[in-house]
Amino acid sequence: MFAKLALQSLLDRKGSVVLSLMAMTVSIFVLLGVEHIRHQTKENFSNTVSGVDLVVGARTGSLNLLLYSIFRIGAPTNNISWETYEAIASNAKVKWAVPLSLGDSHKGFRVLGTTGDYFDYFSYANQQHLNFAKGQAFHQVFDVVLGAQVAKKLGYQLGDKLALAHGIAATSFSLHDDRPFTVVGILAPTGTPVDQTLHVSLQGLEAIHIDWQQGVKMPGSTITQAELEKAKLQPKSVTALILGLESKMTTFRVQRAINQYKQEPLLAILPGVALSELWQMMGVIENTLLLVSALVFIAACLGVSAMLLSSIRERQHEIQLLRVIGAPAYFLFFLIELEALFIALLSCVLGAGLLSVCLVFLQNYLLGHFGLHIGSNFLTGNNLSLMLAVICASVLVAIIPALSGYRQARIVKR
Amino acid sequence: MAIDLLNVRFHYPQQPNHEVLNIPLWTLPVGEQVFIHGPSGGGKSTLLSVLSGLLIPDEGQVSIFGQRLDQMPNRRRNQFRANHIGYVFQQFNLIPYLNALDNIQLASRFAQRKKAPVLLGDIKKLLTDLNISASDWHKPARALSIGQQQRVAIARALINKPELLIADEPTSSLDPFNKEAFMALLMSMVSENGISLVFVSHDLSLSHYFNRVESLNVINRCGDSP
Ligand SMILES: Nc1ncnc2c1ncn2[C@@H]1O[C@H](COP(=O)(O)OP(=O)(O)O)[C@@H](O)[C@H]1O
Ligand SMILES: [Mg+2]
């Protein structure tokens, strides 16, 4: 009956109630959205790579190395020589070493030159290995394996032919169009930058650069396909290496050895450590966003309270009447609190509903444009406790009008 | 005694120099109905608020059915009001957005009945007795005519089977026809159930419904020397 009284009273003031309900809904939507995306990107970041003990590149900043080798963001400054790769790979403590070669692109997607080992050793999330949705790894020089998003966005099927571009700009004009690659495999989606990558063999990359010098195509070059296959396509350098070690215990020792490598200035990083550094940088932005949305929410709470407060003046007769029929003064306190609670609960439901609708629509966009895999299930423990906090906060702020109602109820007017 | 007032003095805190009530002695036997008349602003409503325990006098004793209202803790006083006292005003007797049934049910929620809980059937019977047709039971109170609202107000006031009914100019917003109908209903309900009634109004034409008619000026010393 008391719940009914609160509900009917809210319904009776539809106009102002709906407005403050909307403000509250929007603020809860923003709050939940920011928190959810924050959580998911963090998960995304930490899911990007796993099972790789060290990433090795030419000496640069560790974030820079991480960004270009794993996230395919930015450009490598220097390469490391093939001899260095062989030296590291033959180290007894190193279980496996996979070379990565970056620098080309296809319609805005990065091209990664590597070896077949990449598909066996690279893993993401919880030690999940790469799976082929269709086809298999590359075996021929001009084979290419596509990440899930590349295939989906560009509509490639197995057997399709495509040309790689020199450089990494989406509109690169210098196409290696004389030597097309054939799609032999398409990877299953991973929710990591792998989805945005085309994978070719190191030899394939060598082959398309064989008659290029300093990034410019040599005029009059007439090497035929047959000659190419025969030529020894041994790369002289690679961009980075990913390593797996025999024992995790030796990680720091191997790292130090690589960092002190005499022949060439190298940098070895632990991806987990670099990821958390990256995360800390992102964290500042995201905490700011969260703070702003919390402030927006508090503003909405205050809006609801202002609405309730002004309603008390209109409801003087009602309040007196309740007193006359035996309601204690504190009943008015709880009645107003109950109304605030209803508004908060309804806003939570509406805000959450709005968010799930938006996530369904935004999911593909975020995945396609930012490689962010944002799940649509945001009702995790984290967000549920956020909603609980939201409800507690609005009940707290409603103490102001509730107290005013209580005071009103103690004054007798007739 | 239903009501026993002794040396009751009251002024509103906002007006410290203006004493509204000063009643040396006034009683109402159980089951009696009294009509108290007096000019507007004479303190009739204030007296009724003191009788129902909404206002506590500065001095003196207020006993309702032998219970000292002025000495009760707040909680008990609220409870006592809900259980033993019915109230009908000139207007604003009902929560405007609740329908007749809900208004009456709400009043029953604040009372602690040792007797059987108030059933919907009781409410419907009461409404029927008060000539409210079933088609109007589910309309929000504000959609009812004033005459209907006042009759629902009687039902609201009687639902907890109070021993004392307090009526504060309940007919002042009614037209003559509705006024007579209302009075007839009220008086029959009250005498049927043996309820003590304090009825205040400035309208002396209503006094013929009562055996006991008093002027507030006589009861209240304040009126003498303003
Ligand atoms: N809530 C209140 N606060 C202060 N003064 C009041 C209040 N209610 C009534 N009064 C004053 O008390 C006096 C008696 O008022 P009231 O009891 O309402 O008279 P009546 O009901 O006979 O018209 C008036 O002078 C009025 O101004
Ligand atoms: Mg009055």
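Numerical summary
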{"item": "Rounded FRET efficiency, nearest 0.05, which uses the C-beta distance separating A:Gln363 from A:Gln234 and R0 of 51 Å", "result": "0.70"}
{"item": "For the stretch A:6-47, average projected area of the Cα convex hull in nm²", "result": "3.5 nm²"}
{"item": "The protein assembly as shown - Rg and Dmax from Cα coordinates, angstrom", "result": "42.0, 128"}
{"item": "Size of electric dipole in the protein assembly as shown: Cβ of Lys, Arg +1 and of Asp, Glu -1, about Cα centre, debye, nearest 20", "result": "840 debye"}
{"item": "Efficiency of FRET from Cβ geometry, B:Thr128 and B:Arg76, R₀ 45 Å, rounded to 0.05", "result": "0.85"}
{"item": "Buried accessible area, chains A and B (both chains, 1.4 Å probe, Å² to nearest 100)", "result": "2400 Å²"}
{"item": "Protection-proxy order for peptides B:50-61, A:155-166, each taking the mean of Cβ atoms within 10 Å per residue, highest first", "result": "B:50-61, A:155-166"}
{"item": "Calculated log₁₀ intensity ratio I(q)/I(0) where the Debye formula runs over C-alpha points of the stretch B:1-142, q = 0.10, 0.12, 0.15, 0.18 Å⁻¹", "result": "-0.44, -0.63, -0.92, -1.15"}
{"item": "Length added when fully stretched, A:Leu384-A:Lys152, from 0.36 nm per residue minus Cα-Cα", "result": "80.1 nm"}
{"item": "Computed label-point distance, nm, for sites B:Glu192 and A:Ala133 using a 7 Å Cα→Cβ extension", "result": "7.9 nm"}
{"item": "Label-point gap, in nm, between A:Met281 and B:His202 - each point 7 angstrom along Cα→Cβ", "result": "8.1 nm"}
{"item": "Residues listed by number, the stretch A:77-96, amide nitrogen under 20 Å from A:Arg253 label point at 7 Å toward C-beta", "result": "A:87-96"}
{"item": "Label point distance in nm, A:Leu291-B:Leu101, each placed 7 Å from Cα along Cα→Cβ", "result": "5.5 nm"}
{"item": "Accessible surface of chain A, 1.4 Å probe, proportion on carbon and sulfur as whole %", "result": "63 percent"}
{"item": "Quarter of Cα convex hull surface for the stretch B:12-67, i.e. mean projection, nm²", "result": "4.6 nm²"}
{"item": "Share, in percent, of DSSP beta bridges within the protein assembly as shown that are antiparallel, nearest 5", "result": "65 percent"}
{"item": "Cβ-Cβ FRET estimate between B:Phe177 and B:Arg109, R0 fixed at 41 Å, reported to 0.05", "result": "0.75"}
{"item": "Extended-chain gain in nm, criterion 0.36 nm per residue less alpha-carbon gap, A:Lys95 and A:Ile73", "result": "5.2 nm"}
{"item": "Label point 7 Å beyond Cα of A:Ala3 along Cβ direction - residues of the stretch A:322-339 with amide nitrogen under 16 Å", "result": "A:335-339"}
{"item": "Helix-derived mean residue ellipticity, 222 nm - over the protein assembly as shown, DSSP H n ≥ 4, -39500 (n - 2.57), to 500", "result": "-15000 deg cm²/dmol"}
{"item": "Averaged over B:104-111, number of beta-carbon atoms from partner chains that fall within 10 Å", "result": "5"}
{"item": "Over the stretch A:260-414, volume per residue of the alpha carbon convex hull, in Å³", "result": "153 Å³"}
{"item": "Whole-percent carbon and sulfur share, accessible surface of the stretch B:34-145, 1.4 Å", "result": "49 percent"}
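The values are calculated or read from the model by the stated rules, or taken from the named source; none is laboratory data. No experiment lies behind these values; they were computed from the predicted model shown. Cβ sites come from the backbone with ideal geometry, for glycine too, and all protein chains shown count toward neighbours. In case anyone asks, the SASA skips ligands and DNA or RNA and just uses the protein heavy atoms, side chains included. Shrake-Rupley method; radii C 1.70, N 1.55, O 1.52, S 1.80 Å.
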